[in-house]
Amino acid sequence: MSGLILHHYDGSPYSEKIRAIFGYKQLPWRSVITPALLPKPDLVALTGGYRKAPVLQLGRDIYCDTRLMVRLLDRLHPEPPLQPAHLKASCRAFASLEQTLFFATVPNAFQPAGLKFLAEQLGPEVMPRFSEDRKLLFSGGQCQRPNPAFAKLNFLPLYNTLDTQLAATPYLLGETPTLADFICYHNAWFILHNPGIAASFDPFRHLRAWAERMRALGHGRPEPMSSEQALETARRSTQDQPFDGPLLEPEGLKLGQRVSVNATDYGCDPVTGTLVHASVFEVAVKRHDVRTGEVIVHFPREDFRVSAAE
Ligand SMILES: N[C@@H](CCC(=O)N[C@@H](CS)C(=O)NCC(=O)O)C(=O)O
C-alpha cells in the first residue's frame, strides 16, 4: 500500500485530476468520500479549516491544493513523470490556463441540460443548499464565482484550441501524457461524463479521442476507507514526510511562529498553526486537533497568503 489517502467526491473535477494521475502512475490509494458542501467536520479536523476538494493525506501529513499534490506524487513515484525536465515551463504555462478553463467549463453543467445529471450525482438534498454554499466559498477571495456569461464567451474558443493542438499529437505535449493533459482533462471530463451536455464536444473529434485515451488510464487501485479510519491513521502516524525545497522564510516570519495560511482565490478559510517549513514551493504548519493529534498541513506557496496569527 502506498499510504496515499485521497479525500474527494465523485463529481469534483479537481479530484478527477488526481484520480487520473493515480491511474497514469498505477498507484494504489485509499478513497475517502467527503461532502460536496460544508459542513465537512472530518476533513476540517485534518486541515484545520481548508475545505476544498481534494485533500491528500499521507499519515499525518495533509496536502491541500492539487498543485502541491502533483509535486508530491512526482517525488514519491517519479515514473512516469508528470513534468519531464524539458517540458517544465510548458506544463507551468498550462497550469496558468487551468482556472480559466475551469471557470469556462463549470457553469455549463448548471444550464438546464446539465442540471439533471448534476442533481442526480450530488444528491437531491445537496442542490437546494448548493448556491448558498458556493456564495460562501467565493466570499472574501480574489475570484468571482464562475458565471455563465464568462463560460459562454470562452468555452468554445478554449476547447477549439485544444482540439486543434490534439490533431497533431496524441497528448498535448507529445507522445505521452504530461501534467498539461491532466490539467485540461479534468475540465473536459466534467462535460463528457454529464450526458446532458457531453454533446457540446461533438465538434471536437481530436479532443474526444484524447479524452478517451485519458479516461482509459483509469484511476489506479482505490480501496474505500472511512473518514474515521483516516483520522485514526493521522493519529497513529509517527513518520513525517520530507519538506519540499530549501527553507525560504516568508517575509518577516520565522519558523516556530504562529501563522495563518489561506488561499487567496476562493475557499479562503484560514488555517492556523506553527510555521514548520516554507520554501518557494510550499508552506507547512503544524497544528493539533483532538481527533487527529498533531498534523502537518502543507499548502502551495503560490497564491497562498501567510501572515502572523493574531
Ligand atoms: N486550486 C484548487 C482548486 C480546488 C477546487 O476548486 N475544488 C472544488 C471542487 S472541484 C471545490 O473545492 N469546491 C468546493 C467544495 O467542494 O467544497 C486545487 O488545485 O486543488
Just wondering, is there one or more residues in the range 185-199 that are surrounded by 15 or more Cβ atoms within 10 Å (Cβ to Cβ), away from the ligand (no atom under 16 Å from the Cβ) and free of Cβ contacts under 8 Å to residues at least 40 places away in the same chain? yes
Just the residues that are among the basic types (Lys, Arg) and surrounded by fewer than 13 Cβ atoms within 10 Å (Cβ to Cβ), please, taken from the range 224-261. ARG236, LYS254
THR238 vs. criteria in contact with a Lys or Arg (Cβ under 9 Å, 6 or more places away or on another chain), within 16 Å of the ligand (Cβ to nearest atom) and among the polar types (S, T, N, Q): no
Some residue of the range 203-225 being of a type in the set (Phe, Trp, Tyr) and within 16 Å of the ligand (Cβ to nearest atom): no
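Taken together, the values in this text are just the output of simple stated rules run on the coordinates, not laboratory data. The shown structure was predicted, so the numbers you read here are calculated from the model rather than taken from an experiment. Cβ atoms come from the backbone with ideal geometry, glycine included; neighbour counts cover every protein chain shown.
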